[in-house]
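J.: Mind having a look at this structure? Questions to follow.
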Amino acid sequence: MFSDKLLATIGTSGPVLEKSLIQEVRKIFSTMMGMDHLLHLPLAVNPASNFTDCISALVGLAGDYNGLVGLHVSTHLAQRLAGQLLDTDSPTEDEVEDALGELANVLAGDFKRHLSPESLAIRLSTPSIVSGKQYAIHVSKKPEVMTLLFDSEEDWFMVALAVEQ
């Protein structure tokens, strides 16, 4: 969860920001993926933990706030999401990576407007993809992190917003 100092700078409270980000994730997955029944799981999770058989799509933030938006999904769910997005039963590895990168990019674009009323004050990087049987994600500094865990009826996935001012 974000500190009171950061939340005051953003001009919101933790519960209000969390609710807004949950609504953004649900809207994006409903619109882009046809997933209308995402269940938010209010559990504390560590986004820098080790991931097993997952794919992570990361989009960097730079400007008034620096950090990243991460979308972390199981390999199985990544295949399903890419297939749904591209209307195919067997997407290639490149298509899976592109689809997850696009989802993370859309999430980051929506999230950045919650950080700065002038969303032009925050720029986005191109998406980066990390995948493997087991990996960990570490950042050089200790940003403030808000994680959101969802159940898609088929598998869980996590969205993380890590920022520093």
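J.: Scan the range 1-39 for residues that are polar (S, T, N, Q), assigned to a helix (DSSP H, G or I) and free of Cβ contacts under 8 Å to residues at least 12 places away in the same chain and jot them down. Explain how you work it out, then say what you get.
T.: Filtering the range 1-39 down to residues polar (S, T, N, Q) leaves 3, 9, 12-13, 20, 23, 30-31.
If we keep only those that are assigned to a helix (DSSP H, G or I) too, we end up with 9, 20, 23, 30-31.
If the condition is that a residue be polar (S, T, N, Q), assigned to a helix (DSSP H, G or I) and free of Cβ contacts under 8 Å to residues at least 12 places away in the same chain, then GLN23, SER30, THR31 are the ones that fit.
J.: Among all residue pairs at least 6 apart or on different chains, which show Cβ distances below 7 Å where the first residue, located in the range 91-114, is free of Cβ contacts under 8 Å to residues at least 60 places away in the same chain and under 18 Å from MET158 (Cα atoms) and the second is open to solvent by 10 Å² or more (accessible area, probe 1.4 Å) and in a helix (DSSP H, G or I)?
T.: Going by the 7 Å Cβ cut-off, the qualifying pairs are VAL96/GLN79; ALA99/LEU85; ALA99/LEU86; LYS112/SER119.
J.: Can you name the residue in the range 40-54 that is part of a strand (DSSP E or B) and open to solvent by 40 Å² or more (accessible area, probe 1.4 Å) and, of all such residues, is modelled with the highest pLDDT?
T.: So the residue we want is LEU41.
J.: Considering only strands (runs of 3 or more DSSP E) fully contained in the range 55-165, which possess at least 1 residues that are in contact with a His (Cβ under 7 Å, 6 or more places away or on another chain) and either surrounded by 13 or more Cβ atoms within 10 Å (Cβ to Cβ) or at pLDDT 90 or above (or both)? Explain how you work it out, then say what you get.
T.: Numbers: elements: 66-74, 122-124, 128-136, 144-151, 156-164.
In the range 55-165, 144-151, 156-164 are the strands (runs of 3 or more DSSP E) which contain 1 or more residues that are in contact with a His (Cβ under 7 Å, 6 or more places away or on another chain) and either surrounded by 13 or more Cβ atoms within 10 Å (Cβ to Cβ) or at pLDDT 90 or above (or both).
The values are calculated or read from the model by the stated rules, or taken from the named source; none is laboratory data. What you see is a predicted model; the values in this text were computed from it and never measured. Neighbour counts are summed over all protein chains in view; Cβ atoms, including those assigned to glycine, are modelled from backbone coordinates with ideal geometry. Remember, those area values only see protein heavy atoms, side chains included, never the ligands or the DNA or RNA. Shrake-Rupley method; radii C 1.70, N 1.55, O 1.52, S 1.80 Å.
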